[in-house]
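Notes follow the structure.
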Amino acid sequence: MYKKISEDSKQRLARRYQAGESAAKICRESSIPRSTLYYWAKIYRMQVAKTGGTATPKELDSARRRLKKYEDMICVLKSVDCTATAPMSYRLKALEPLYGQYNIHILCEALDVSRGTFYNHIRRNKRDKTWYNQRRSTLMAAVQAAYDNSNQIYGAGKIRAVLVNAGYTISLKYVSELMREMGLSSISVNAKKNGRALAQITKKTNVLKQNFDVDRPNKVWASDITCYRFKDTVLHICVFIDLFSRKVVSHSIGKNSSTYLVKTAFMAAYQDRRPTDLLIHTDRGTAYTSYSMHKTLKKNSIAQSFSQAGKPYDNAVIESFFASFKKEELYRANYRSEAELRASTSKYINFYNTERIHRYLCNRTPDQVEAEFRQSSGL
């Protein structure tokens, strides 16, 4: 009858064989096949550590996993502002921003919280997870920047490596999820198909040709990105302007001049105004000529026009707006925080659209011009 052999007995038999004892003798005494003994000798092979101690491969692997676990727990404890003795509500709130960055077992064990309690807390706050949405937006911007900086070559694995080297804690699975949501993929996946599309983009035809007089709203939008240094950070501001009314239809602010910055502003305007038969005129920056941007515009049946290289007058309306924006707002203010700068930008753009009169519009505001058009058109 088969007799179960304990781990200790397996290791003793393996060590006898490793010490030079005959395999035939060991197998005869223990009633085991030679193949079994050879297998045990392999998995229980002794390894000498720097300390002079010994351990089996299995024990070393277990030690490595424990070490990684403790390292992650230390990172968690350094990231929170409370200890395992704090009230439960404090511990749950402290763990919220780390959800998705670390294994749930690590998070809960670090602050002595049961997994069920933590999961219930996350579900209860699902509709109001401001911290989660902010982190997601930050990571999406970082993913887009890494993707653009690689000339849209990198896939999820390489983008994760770039983010980890930049100090982000993010899993490969989460990077893949964000890339799918943002419509990004490694150029090598569809290289031939994307190559044809990129060949079309590189023509960069100037369809507008400085014809800034437009007969209706949502026929031509112009866009560009400007920079503004705030303390030690360079912020990039992207705007879209409707050439008919000179109205700023959307804007976005970010730390990278990326396709994500442009797409964020574009989608805000598109979802608000739902244009048809639209032409978008921009410069030849990579944020506008990227395959990702081209794909987004093509999906919504929107044509592109590009300024000629070295000719800023081809996008004069945008240049004029930025000149006014900087003289009338940015250069006159002393912002105490980035949040204050963002709020002031939104306030100025609202003033620009609703109150600031324009000479080109016969001293009317952009909102007045659009309102008069709707009234005359019966819209």
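Using only the heavy atoms of the protein chains and a 1.4 Å probe, how would VAL234, VAL220 rank by accessible area, largest first?
VAL234, VAL220
Given the rule -39500 (n - 2.57) for each run of at least 4 DSSP H residues, summed and divided by the residues of the chain, what is its mean residue ellipticity at 222 nm, to the nearest 500 deg cm²/dmol? Walk me through the intermediate numbers first.
Working: 17 runs with 200 residues, N = 379.
Calculated at 222 nm, the ellipticity per residue is -16500 deg cm²/dmol.
Out of the DSSP beta bridges found with both residues in the chain, what percent are antiparallel (nearest 5)? Intermediate results must be reported in sequence, preceding the final value.
Numbers: 20 of 28 bridges.
Bridges in the chain are about 70 percent antiparallel.
Which whole-Hz ³J(HN,Hα) couplings does the range 339-347 yield from phi under the Karplus relation 6.51 cos²θ - 1.76 cosθ + 1.60, θ = phi - 60°, glycine and proline marked x?
Computed from phi, the couplings for the range 339-347 are 4, 5, 4, 4, 5, 5, 5, 4, 5 Hz.
Structure shown: which of LYS158/LYS231; LYS219/LYS295; LYS298/LYS327; LYS219/LYS247; LYS311/LYS347 lie over 24 Å apart, alpha-carbon to alpha-carbon? Could you put the intermediate results ahead of the total?
Numbers: LYS158/LYS231 31 Å; LYS219/LYS295 20 Å; LYS298/LYS327 36 Å; LYS219/LYS247 13 Å; LYS311/LYS347 31 Å.
The answer is LYS158/LYS231; LYS298/LYS327; LYS311/LYS347.
How large is ³J(HN,Hα), in whole Hz, for each residue of the range 115-120 in order, when computed from phi with the Karplus curve 6.51 cos²θ - 1.76 cosθ + 1.60 and θ = phi - 60°, using x for Gly and Pro?
Per-residue couplings from phi come out as 5, x, 4, 5, 4, 4 Hz.
Ordering LEU279, LEU297 from largest to smallest accessible area (1.4 angstrom probe), what's the sequence?
LEU279, LEU297
Over all alpha-carbon pairs in the range 132-180, figure out the percentage whose distance exceeds 17 Å.
19
What is the list of residues in the range 264-293 whose amide nitrogen lies under 20 Å from a point 7 angstrom out from the Cα of ASN206, following Cα to Cβ?
The answer is 279-290, whose backbone nitrogens lie closer than 20 Å to the label point.
Percent of accessible area on the chain owned by carbon and sulfur, 1.4 Å probe? Mind dumping the intermediate values first?
On the way: 11170 of 22210 Å².
Roughly 50 percent, rounded to a whole number.
Skip the ligands, DNA and RNA, and give the accessible area per residue of the chain with a 1.4 Å probe, whole Å².
On the way: 22210 Å² over 379 residues.
Dividing the accessible area of the chain by its residue count gives 59 Å².
Let me know the volume per residue of the alpha-carbon convex hull for the range 232-379, in Å³.
Working: hull volume 19.0 nm³, N = 148.
That works out to 129 Å³ per residue.
Run the numbers for LYS327 and ASN300: contour at 0.36 nm per residue of separation, minus the present Cα-Cα distance, in nm. Walk me through the intermediate numbers first.
Details: separation 27, 0.36 × 27 = 9.72 nm, distance 3.53 nm.
Residue separation times 0.36 nm, minus the Cα-Cα distance, leaves 6.2 nm.
Straight-line reach from LYS68: which aspartates and glutamates fall under 20 Å, measuring Cα to Cα and dropping same-chain residues less than 8 apart?
Once the sequence-local aspartates and glutamates are set aside, what remains near LYS68 is GLU59, GLU109, ASP112.
Taking +1 at the Cβ of each Lys and Arg and -1 at the Cβ of each Asp and Glu, which of TYR291, ILE357, ALA269 sits farthest along the dipole of the range 268-379 towards its positive end, judged by Cα position relative to the Cα centre?
Checking the options against the dipole of the range 268-379, the answer is TYR291.
The values are calculated or read from the model by the stated rules, or taken from the named source; none is laboratory data. In this text, all values refer to a predicted model and were calculated from it rather than measured experimentally. Here the Cβ is made from the backbone with ideal geometry for all residues, glycine too, and neighbour counts use every protein chain on show. These accessible areas exclude ligands, DNA and RNA; they are computed on the full protein's heavy atoms, side chains included. Shrake-Rupley method; radii C 1.70, N 1.55, O 1.52, S 1.80 Å.
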